[in-house]
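The values are calculated or read from the model by the stated rules, or taken from the named source; none is laboratory data. Please read all numbers here as calculations on a predicted model, not as lab measurements. In this analysis, Cβ positions are derived from the backbone assuming ideal geometry, glycine residues included, and neighbour counts consider all displayed protein chains. The protein model used for the area step is the full one, side chains on, heavy atoms only, and it has no ligands, DNA or RNA in it. Shrake-Rupley method; radii C 1.70, N 1.55, O 1.52, S 1.80 Å.
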Amino acid sequence: QVSAALREGRVTPTELCQKCLSLIKSTKFLNAYITVAEETALKQAEESEKRYRRGQPLGVLDGIPVAVKDNFNTAGIETTCASNMLKGYISPYNATVVQKLLDQGAVLLGKTNLDEFAMGSGSTDGIFGPVRNPWSYSSQYKEKSVPKSHSEDKESNWVITGGSSGGSAAAVSSFTCFAALGSDTGGSTRNPAAHCGVVGLKPTYGLISRHGLIPLVNSMDVPGILTRCVDDAAVVLGSLAGHDPKDSTTIQDNFKPFELPNLTDVSKLSIGIPKEYHAPGLSSEILALWSKAADLFKNAGAKVIEVSLPHTRYSIVCYHVLCTAEVASNMARFDGLEYGHRSDMNESTESMYAATRREGFNDVVRGRILSGNYFLLKQNYEDYFVKAQKVRRLIASDFVKVFRSGVDVLLTPTTLSDAVPYMEFIKEDNRTRSTQDDILTQAANMAGLPAINVPTALSERGLPVGLQFIGRSFQEKQLLTVAKWFEKQVKFPMIQLEVVKKHDHGVFQHQKSASVS
């Protein structure tokens, strides 16, 4: 809708950019952005405006304001990973996905907040402080949440965004941009998308280039896409997907962008309901919603069958071993020599290394490095790392078998519950939280499959709840088509934010808050 408005001249890229920038300022309390690149964004909008005047826009994304998670390299804009280790670091190059967005004429508003080095599931562990979920300030949540006592401060009532791409999810949810990039290693795009009521797509491993994404777990990391509707996710995917000579893990074939058809007949579809996803801790509310969604497909004529992924119950332990092992290897590059933070300790090279890493990393990162190095010790390597790799193969085979049996798409919950209040979230340590929060999402990363969160309904507390669709490898079109049909059926309500209403002049308040497509 916005793209059409730009083409028809009802709004100019500069006006759109200024509107988003002023919204970023008035929603500063959400802490969604680490860096706002106001000057460069306005310059990019100006260039876009010239192209529209000439009648030569670069594509659907020309002039569209976007945001990028702060673990993607951006030339000329600080890239911090929300860590002291990279505070002040300015990359000499753009990540491939960032470059592709800019080549399409998108306007980069800034870099969004995250857990330090993307390790976490709440976006609460970065050095710039926690991200607040925009729904904490929505009329839907305010109506339902009654302070337990008069003395309870309204301020302490806000809920988390989920993580680690919480800044990107909050940015899209609060209308400060139209699409945002996140990264997804074990659910870091889908988890905050579910908590913030937006669409979060994790594409098939190898479909989108990881070049310039600061690595966490190379064998599972995927750039993720956050938008306000499924069609928009398809548009952004079309701009980003395809081979990249700078990333040898990307597909060799050319990727053809697609437009999503409007599915009217779902009778040929087979939807799998994996029984293992009825995990301990799954709230009764989400369970009911999951059943309701399955019935929705059944009543529309689709075949809905219960399937089994028997190795799912080992997946979170397996994920933890492989994740920390790769983290330990990846974090070795931050030694204070080439870039990033360097300690003043100069008694010896070793003491400088140690002090640099002690000062630069938080406890969570240091803890994962220690665990990973333990698993990789010569005497432990076979028992932990090699065994986990074998289990990972079994997990991937489970999915292959289910899809071979004729199932098109799997339907599962994305999270165990709706977003929890920050004060409650921090009572448990990062590792415990991540284990709980990744339980339903990380298996798709281990198998390299595409998965998407679709906002489905509001919980009894007035907070968003999403469901996850997992598709066959490289079958994004089928996955997104099913997700789009489902999105249309559930009619997820739009967030009611006072701040946005004050700024609105018709651009944002289209049916689903003005989509790109």
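Per the listing GLY301, GLY212, GLY281, the residue uniquely more than 30 Å from CYS177 (Cα to Cα), of a type in the set (Gly, Ala, Ser) and in contact with a helix residue (DSSP H, G or I) (Cβ under 7 Å, 6 or more places away or on another chain) is GLY281.
May I ask you to list the residues in the range 16-35 that are touching a residue at least 12 places away in the same chain (Cβ under 8 Å) and surrounded by fewer than 18 Cβ atoms within 10 Å (Cβ to Cβ)?
Filtering the range 16-35 for residues touching a residue at least 12 places away in the same chain (Cβ under 8 Å) gives 16-24, 26-27, 29-35.
Result: GLN18, SER22, SER26, PHE29.
Within the range 427-436, is there a residue that is of a type outside the set (S, T, N, Q) and under 21 Å from the mean Cα position of the chain (by Cα)? Checked against the condition, which is being of a type outside the set (S, T, N, Q) and under 21 Å from the mean Cα position of the chain (by Cα), the range 427-436 yields at least one hit.
What residue, of LYS378, LYS401, LYS390, is in a loop (DSSP other than H, G, I, E, B) and among the basic types (Lys, Arg)?
On the way: LYS401 fails: in a loop (DSSP other than H, G, I, E, B); LYS390 fails: in a loop (DSSP other than H, G, I, E, B).
The match here is LYS378.
Restricting the range 447-490 to residues that are small (Gly, Ala, Ser) and assigned to a strand (DSSP E or B), the residue that is surrounded by the fewest Cβ atoms within 10 Å (Cβ to Cβ) is ALA457. Condition first: of a type in the set (A, V, I, L, M, F, W, C) and surrounded by 19 or more Cβ atoms within 10 Å (Cβ to Cβ). Can you find one or more residues in the range 50-59 that meet it? Looking through the range 50-59, none of the residues is of a type in the set (A, V, I, L, M, F, W, C) and surrounded by 19 or more Cβ atoms within 10 Å (Cβ to Cβ). You will find that of VAL266, VAL321, VAL307, VAL327, the residue that is farther than 26 Å from SER397 by Cβ, of a type outside the set (Asp, Glu) and either in contact with a Gly (Cβ under 8 Å, 6 or more places away or on another chain) or open to solvent by less than 20 Å² (accessible area, probe 1.4 Å) (or both) is VAL266 and no other. Number of residues in the range 276-292 that are free of Cβ contacts under 8 Å to residues at least 12 places away in the same chain and in a loop (DSSP other than H, G, I, E, B) equals 2. Based on this model, can you work out whether VAL235 counts as touching a residue at least 60 places away in the same chain (Cβ under 8 Å) and either open to solvent by less than 10 Å² (accessible area, probe 1.4 Å) or under 25 Å from VAL321 (Cα atoms) (or both)? Judged against the criteria, VAL235 is not a match. Look at (1) under 23 Å from ALA302 (Cβ atoms); (2) small (Gly, Ala, Ser); (3) in a loop (DSSP other than H, G, I, E, B) and you find that ALA444 fails only one, number (3). Of the listed requirements (1) closer than 30 Å to ALA388 by Cβ; (2) open to solvent by 50 Å² or more (accessible area, probe 1.4 Å), THR356 misses just one: (2). Looking across ASP295, ASP344, ASP383, one residue alone is open to solvent by 50 Å² or more (accessible area, probe 1.4 Å), without any contact (Cβ under 8 Å) to a residue 12 or more places away in the chain and under 25 Å from LEU416 (Cα atoms). It is ASP295. Set side by side, the residues GLY182, GLY206, GLY187, GLY200 differ, and just one is touching a Lys or Arg at 6+ places or on another chain (Cβ under 9 Å) and farther than 17 Å from THR124 by Cα, which is GLY200. The single condition among (1) in contact with a helix residue (DSSP H, G or I) (Cβ under 8 Å, 6 or more places away or on another chain); (2) touching a residue at least 60 places away in the same chain (Cβ under 8 Å) that SER91 does not satisfy is (1). Out of curiosity, is GLN44 closer than 13 Å to THR176 by Cβ and open to solvent by 10 Å² or more (accessible area, probe 1.4 Å)? No; evaluated as a whole, the condition is false for this residue.
Yes or no: LEU394 touching a helix residue (DSSP H, G or I) at 6+ places or on another chain (Cβ under 9 Å), open to solvent by less than 30 Å² (accessible area, probe 1.4 Å) and either modelled with pLDDT of 95 or more or not β-branched (Val, Ile, Thr) (or both)? Criteria not met by LEU394.
With the structure loaded, tell me whether ALA41 is of a type outside the set (S, T, N, Q), touching a strand residue (DSSP E or B) at 6+ places or on another chain (Cβ under 6 Å), under 26 Å from ALA169 (Cβ atoms) and in contact (Cβ under 8 Å) with a residue 40 or more places away in the chain or whether it fails that test. Criteria met by ALA41. Among the numbered conditions (1) among the basic types (Lys, Arg); (2) within 20 Å of the chain's Cα centre (by Cα); (3) over 28 Å from ALA171 (Cα atoms), the only one that ARG210 does not meet is (3). Hey, could you check the range 94-113 for residues that are under 15 Å from LEU237 (Cβ atoms) and touching an Asp or Glu at 6+ places or on another chain (Cβ under 7 Å) and say which is least open to solvent (accessible area, probe 1.4 Å)? Within the range 94-113, the match that is least open to solvent (accessible area, probe 1.4 Å) is THR96. Reported count of residues in the range 425-437, each being surrounded by 24 or more Cβ atoms within 10 Å (Cβ to Cβ) and of a type in the set (Asp, Glu), is 1. Just one of (1) at pLDDT 95 or above; (2) open to solvent by 20 Å² or more (accessible area, probe 1.4 Å) fails for ASN254. It is (1).
In the range 404-424, what residues are in a helix (DSSP H, G or I), surrounded by fewer than 19 Cβ atoms within 10 Å (Cβ to Cβ) and touching a residue at least 60 places away in the same chain (Cβ under 8 Å)?
Taking the range 404-424 first, the residues in a helix (DSSP H, G or I) are 404, 422-424.
After this cut, where a residue has to be surrounded by fewer than 19 Cβ atoms within 10 Å (Cβ to Cβ) as well, the list is 404, 423-424.
Within the range 404-424, just MET423 meets the criteria.
In the range 264-275, the residues that are under 20 Å from PRO413 (Cβ atoms) reach residues that are in a helix (DSSP H, G or I) with C-beta atoms within less than 6 angstrom, at least six apart or across chains, in these pairs: ILE271/PHE297; GLY272/VAL402; ILE273/ALA294.
Considering the range 317-351 alone, what residues qualify as being more than 29 Å from the chain's Cα centre (by Cα), among the hydroxyl-bearing types (Ser, Thr, Tyr), farther than 27 Å from SER91 by Cβ and part of a helix (DSSP H, G or I)? Matches in the range 317-351: SER351 only. With respect to the conditions (1) over 26 Å from LEU86 (Cα atoms); (2) surrounded by 13 or more Cβ atoms within 10 Å (Cβ to Cβ); (3) in contact with a Lys or Arg (Cβ under 6 Å, 6 or more places away or on another chain), GLY336 falls short on a single one, namely (1).
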